[in-house]
Structures are given as structure tokens and as C-alpha cells.
Amino acid sequence: MHTNRTAYEMIDRATVDRIIDAANIVDVVSEFVTLRKSGANYKGLCPFHNERTPSFYVSPARNICKCFSCGQGGTPVGFLMAHEQMTYPEALRWLAKKYNIEIQERELSNEEKEAESKRESMFIVNEWAADYFEDLLHNHVDGVAIGMQYFRSRGIRDDIIRKFRLGYDLNDRFALPKEAQRKGYQKEFLVSTGLCYERSRSEEDVSRKDEGGLVDRFAGRVIFPWLSISGKVVAFGGRKLDQATKGVQQKYVNSPDSEIYHKEQNLYGIYQAKKAIAKENCVYMVEGYTDVISMHQCGIENVVANSGTALSNHQIRMLHRFTQNIVLLYDGDEAGIHAALRGTDMLLAEGMNVKVLLFPDGDDPDSFARKHTADDFRRYIEEHQTDFIQFKSDVLLKGVTDPIKRSEAINSIIKSISVITDQITRATYITDCAHRLGIHEATLISTMNKMIRNDKEQKAKAVSTPSPTPNSPQSTVNSQLSTVNSQLSTVNSPQSSVEDLLIRMVIRHGEKIVYRDVETEDGGTIDLNVAQYIQIDLNADGLRFRNPLYNQVLEEAVAHSGDEGFVASEFFSRHHDIKVSALAAEMLIDKVQLTKSLQMKEEEDSFRQEVEHLVLDFRFDYVNTHIQTLRQQIAQSASNPERLPQLMGELKKMMDLRNLMAKKLGTSIMT
């Protein structure tokens, strides 16, 4: 058996077809992006880059999506692979689970397990661990007596425990690694996920067991799994039980950063909250696991936690896909105030509308939610939340009489306003701030403009920093960017643009007939479609596309032309090669939808003339490229005068051919 056998070959072709047929692009993208109807399409903020004006379009008719700003998009499978960094089989399994399609898979051989990617293996280990912790909580005597008792003491219902996949880990520090390795999970991935760590010498002395030198990181704790936005288990948080926390500084232990988990890029509860966030057009930000869980139990589901870490741009942009309205719900103590102040400016800079609510001393979202209904909780938030100006004013100016300190506080408020990118919003806040603080609006505007200029100057200085050393990481990045730019310039060259148009024609209209009753050598007749005509014309002179993928598409279009019911657009958008389906998505989606009358006109236009013109364009560009090559060879032939007449003759022949083609195209030639 080949060790490089691809994982998706474990899913039979018929099942793959059922999955692709069932996958609805609007359903899939809506799991990650808030979409609004826009004519025949849907649009939303692109999940692949930071933007404030929606340029990400989803076409239900073609079952594809595309961002017209960054160019990212694809089919449902392609979208999942790009957005969630899934492999092809992972994306298929995700869709199969969503649409309740059963996949019969055989047990992996040892060779195939070794061939699985590191990321996929880490996800598999984490998923097993989550099931392991859940099973212990619900079925092990210690899990029920200790772990479940803890959750019940916090008033957490069974349905919420299941919803968040809460679990329990045994006190035995070697039980998990022993069970995992017995199940065949490799030591490498138990360590790389952070579930275990290498045993120290003192721990080796304590135990004579042979568990491969591994110790369970979360032993004796209740477990809070972290789920990605698509529901994959990426990390765990473990809390020491109340009776075990006396004198313990570290109540919580979290998974370390890994290839599949970065704490600054994840939000606890995002998977369970994303639909509610989009529905309510608002998200509540809290600090801890139990805050999220208690609010869900109270009936408020549009809530996430950053779990005590500083809010990051990545987390903000993740939330911005679903809503631009955020309410920070923090404890009223010094730590809560600091957390709210720390995140405000970043949220404003990313275009979020920010409100803040600090709970009274002695309460946090967890305790408050357990004492109130969802309606009471929402009413309290509505009545007590304040905008960031009021919040900063209350925090920074309360009881301040010293002019210097008051000036510093006002400057801090104006600094927050200055990071807002929308000019109208900024002006509105300045007017509001002037009324509240009793300061002339012109003074505040002058101060704000100075801050904006200083910020721009600092950014300009940062951009003009000295070039990195040749072997530095930044140098490597610059080199890669240079390569990408070079490739882009090639793609946008005249030759490539004609190739793009030709292959676009093949993908969109490859099955359409352009010539009827064409005589064959044996005296018969055939009809030629777009794909067949292009291939025959190019093959006559041995011409091929520069892009190998384009050649593959053309060859497959011709090969399947005889298939009953063959439609090129459907065939390629559902293609099993993800590169082909991604290309089809790129070529098929239109940002602007034609009206029915224009569509009918397009149908009536002659495809034959359009295809002929494109093929002629391709030949014309090919000849031009050959002329440039000949001229270079002539310029370099001084050392080989015997070859010069041959090159000159070939150049004249090419130029005559180009002039003839130019007349057909109606193009004037500058020699």
C-alpha cells in the first residue's frame, strides 16, 4: 500500500458527490459571515481580510462565493478549506455532518496514520480528549461525584454541560497518556496539543509506571474545551476544584499555543454564539468561561469571552464578521475597569460600536446571570450600559479636580475618538464630547487632528524602517512577497489575460455548439462545441496555455463533451480537484448581475464570433511574444553572424503574420 495515499480516497466517489450536491454555499458561509440579500446574491464582510465595506459576494445560483477586494472565494468545500485551514477530507466530513450524510470509512493502517498531516492529527487527538473528558464526567464514579458535583454547585444544567462539552479529568496524572497511547495516539501529538508534557526526573521517581514519559497537564480539574468557529476542538481550559484551590495561585491551566491554537486568535464560546450574534446584531464580551456559560443558561447566547487575555485585532475582526455592535461586560473592580479601558481603542479603530457595562461590586456576569432571568438581564444591560465617552469620563474624571490630571483624562478620551476611521462618527462623538465636558468643539477638533497627524507620521516612520538583514525572517517575507508580485505581473500580462478569457469561456460555455455539421476525414459530420473548437485550433500549431491548470481544464472539457447532460460550469465547479473547482469559482461569479433582457441578448450573441476572436487574440499575443524573443536573439548575435540572416528572415515572417492577424482584429500595429 502506498504511504502517500491521500486521505480523501477513504471516502468513496458516490458519497463525495452526495456531499457536494447537498452543500449550499449560503448555508455554509452563513456559519461564519453575516450575509445580507443583495439582488440575486448575498454579500457580507470578507472573512479573509479586514474591511469595513462589504465586498464578499455569495451566489446561490452558482453555489460559489468570492471577495472582489482580495480575490478569495470558492465552492463550499473550497471556502471551508481556506477559511478553516481544513484539508479536503476534513471539509467533506464537516459538510457531511452538517447535512447528515453518512460516511462509511475503514480503519486507517499504520502507514496511513503516519501520512496524516500534523494539523489533522492534532485535531483528531483533541477530539478524542474532549470525548474522554466528557465520558469521565458523565460515567466515571469520580467524574460524577466530583466533577459533576462542582458544575451542579455552580447551578449549571445538564443541557448546558452538554452544549459546551464540559468534562472532568482524573487525579491520576498518568491515566490520560496511558489510555491515549493504548488507543494508538502518538506521543508527539499528545505533547504538541499541550494535553501532556514530558515527565521531569522528580516525577519519574514518584511513578514506576511506563507511560512513555508523559504527564497529564489537566489532571484533577474540570475541563472547558475551546471550540473554533467551525466547532473543532482547538484547546482546553482546566480549573482546580474549589476544595483544591486553597493556597493555589493558578486555579486555571490552559493549553499552550500550538499549531492549531493561538490564544490571541480564539474566543471562548464563539461556536455556540455565532448564530445568536448575527441574529441579535450585537455581541457581549465577558472575561471568563463561567460568565459565558451562565449567560447561555440565562437565555442570552450572543456572548463570548477572551478569558483574561488582552483583546487582539484578530478576535475583533472575527466578531466584526457577525456584527459591529459590542458591549463589554466586566466586573466593577480595578481589573475589570482596566480590561475595558484596554480594549476600547482597538475596538473603535476596527469600526466597532462600543458600549461598556461594569457590574456592581461583588457581582460579575456569572453571578448576576444566575440571579436573573434573560429579560431582566437584558433590561439591566440596556438601562446601565454607557458609550465609551461616558465610561471614560466616569472612570478618569470622577472626583478629579487637578487641572493637569483632568487634561490628561480628556486627552485620553479624545485619543479614543481619533482612532475612529469613519469621519461622520468621529465628528458626532466630538460634538457629544464637547457638550458633556463643557469644552469648545474647535479646541477638541484641533487636539484630535494633531493626534491623527502624529499617528500617521509614526506609521510612516514604521514603514520606512531600515531594510532587514539578508538572513532575517523579515527578509524572507520580503523575498516571498517579491516572488508573489512577480507571479501576479505574469498573470496580468497580455498573454495571460487572453488565456484567462479563453479558459473562462471554456468553464462558462464549454458545451455550447459553435460549429454545426463540420466535415470529418471519413466523410461524416460533427458538431463542435466551444472547448473542442479551441483545442483543435490551438493544436493545429502545437500551441498550449502557459498555465498547466488551464490545459487540464481544456482537456477535461473536451474529454467529457460527449457525456450526456455535460454542462461545463457545473462539472468544473463540482470538480474533485480543489484547484479546478477554485478556478471555476473564480471564473463563474459576477459581482454585477445582468438583467433578464441583457441576459437574453447575451444568449442571442454569436459565441462563435466571440470564441474565434479570443483564439485569434491568443495567437496574436503568441506571435508578439515570439517577435520579442527574436529581436533579443538578433541583438545578441554579433558573435554569430552566420545565424543573423536566418533570424532576420524568421522575424520578417512573424511580423508579416502579425500584420495579417492585426487586420483581422482591427488593430493598428506600431513596428
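The values are calculated or read from the model by the stated rules, or taken from the named source; none is laboratory data. All values derive from a computational prediction rather than experimental measurement. Every residue, glycine as well, gets a Cβ built from its backbone with ideal geometry; the counts of neighbours run over all protein chains shown. The accessibility values were calculated without ligands, DNA or RNA, using every heavy atom of the protein model including side chains. Shrake-Rupley method; radii C 1.70, N 1.55, O 1.52, S 1.80 Å.
The table for this structure:
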{"quantity": "Failed item in (1) within 18 Å of residue 15 (Cα to Cα); (2) in contact with a helix residue (DSSP H, G or I) (Cβ under 6 Å, 6 or more places away or on another chain), with residue 90 passing the rest", "calculated": "(2)"}
{"quantity": "Conditions (1) under 21 Å from residue 436 (Cβ atoms); (2) open to solvent by 80 Å² or more (accessible area, probe 1.4 Å); (3) assigned to a helix (DSSP H, G or I); (4) not acidic (Asp, Glu): number failed by residue 401", "calculated": "(3)"}
{"quantity": "Options 327, 356: the member that is touching a Ser or Thr at 6+ places or on another chain (Cβ under 7 Å), modelled with pLDDT of 85 or more and within 30 Å of residue 157 (Cα to Cα)", "calculated": "356"}
{"quantity": "Residue 156, sole failed condition from (1) free of Cβ contacts under 8 Å to residues at least 60 places away in the same chain; (2) aliphatic (A, V, I, L, M); (3) closer than 23 Å to residue 366 by Cα", "calculated": "(1)"}
{"quantity": "Selection from the range 527-564 of residues that are open to solvent by 40 Å² or more (accessible area, probe 1.4 Å), more than 17 Å from residue 501 (Cα to Cα) and in a loop (DSSP other than H, G, I, E, B)", "calculated": "540, 541, 542, 560, 562, 563, 564"}
{"quantity": "Candidate set from the range 84-94 (those that are farther than 16 Å from residue 24 by Cβ and open to solvent by 10 Å² or more (accessible area, probe 1.4 Å)); member that is farthest from the chain's Cα centre (by Cα)", "calculated": "93"}
{"quantity": "The range 232-264, residues that are surrounded by fewer than 16 Cβ atoms within 10 Å (Cβ to Cβ) and modelled with pLDDT under 85", "calculated": "242, 243, 244, 245, 246, 247, 248, 249, 250, 251"}
{"quantity": "Boolean, residue 369 is modelled with pLDDT under 85, assigned to a helix (DSSP H, G or I) and within 34 Å of the chain's Cα centre (by Cα)", "calculated": "no"}
{"quantity": "Residue ID - nearest to residue 275 (Cα to Cα), chosen from residues in the range 314-341 that are open to solvent by 10 Å² or more (accessible area, probe 1.4 Å) and under 26 Å from the mean Cα position of the chain (by Cα)", "calculated": "321"}
{"quantity": "Total residues in the range 347-365, condition under 26 Å from the mean Cα position of the chain (by Cα), within 11 Å of residue 326 (Cβ to Cβ) and either open to solvent by less than 10 Å² (accessible area, probe 1.4 Å) or aliphatic (A, V, I, L, M) (or both)", "calculated": "4"}
{"quantity": "Among the residues listed as 118, 183, 178, the single one being at negative phi, of a type in the set (Lys, Arg), without any contact (Cβ under 8 Å) to a residue 60 or more places away in the chain and touching a helix residue (DSSP H, G or I) at 6+ places or on another chain (Cβ under 8 Å)", "calculated": "183"}
{"quantity": "Output for the range 15-30, where each listed residue is touching a strand residue (DSSP E or B) at 6+ places or on another chain (Cβ under 9 Å) and open to solvent by 10 Å² or more (accessible area, probe 1.4 Å)", "calculated": "26, 30"}
{"quantity": "Candidates 316, 337, 326, filtered to the one that is of a type outside the set (Phe, Trp, Tyr) and either assigned to a loop (DSSP other than H, G, I, E, B) or farther than 17 Å from residue 359 by Cα (or both)", "calculated": "316"}
{"quantity": "Selection count where residues are surrounded by fewer than 16 Cβ atoms within 10 Å (Cβ to Cβ) and among the β-branched types (Val, Ile, Thr), scope the range 50-68", "calculated": "1"}
{"quantity": "Unmet criterion (only one of (1) at pLDDT below 85; (2) in contact with a Lys or Arg (Cβ under 7 Å, 6 or more places away or on another chain)) for residue 116", "calculated": "(2)"}
{"quantity": "Strands (runs of 3 or more DSSP E) completely within the range 41-94 that count 3 or more residues being of a type outside the set (Ser, Thr, Tyr) and within 22 Å of residue 281 (Cα to Cα)", "calculated": "41-44"}
{"quantity": "Scope the range 565-577; condition surrounded by fewer than 16 Cβ atoms within 10 Å (Cβ to Cβ) and in a helix (DSSP H, G or I); matching residues", "calculated": "570"}
{"quantity": "Residue match in the range 296-313 (condition: more than 21 Å from the chain's Cα centre (by Cα), open to solvent by 10 Å² or more (accessible area, probe 1.4 Å), of a type in the set (Asp, Glu) and at pLDDT below 90)", "calculated": "no"}
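Yes or no, residue by residue, for (1) at pLDDT below 85; (2) hydroxyl-bearing (Ser, Thr, Tyr):
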site	(1), (2)
15	yes, yes
47	no, no
55	no, yes
58	no, no
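Residue-wise test of (1) over 30 Å from residue 297 (Cα atoms); (2) of a type in the set (Lys, Arg).
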site	(1), (2)
332	no, no
335	no, no
389	yes, no
403	yes, no
406	yes, yes
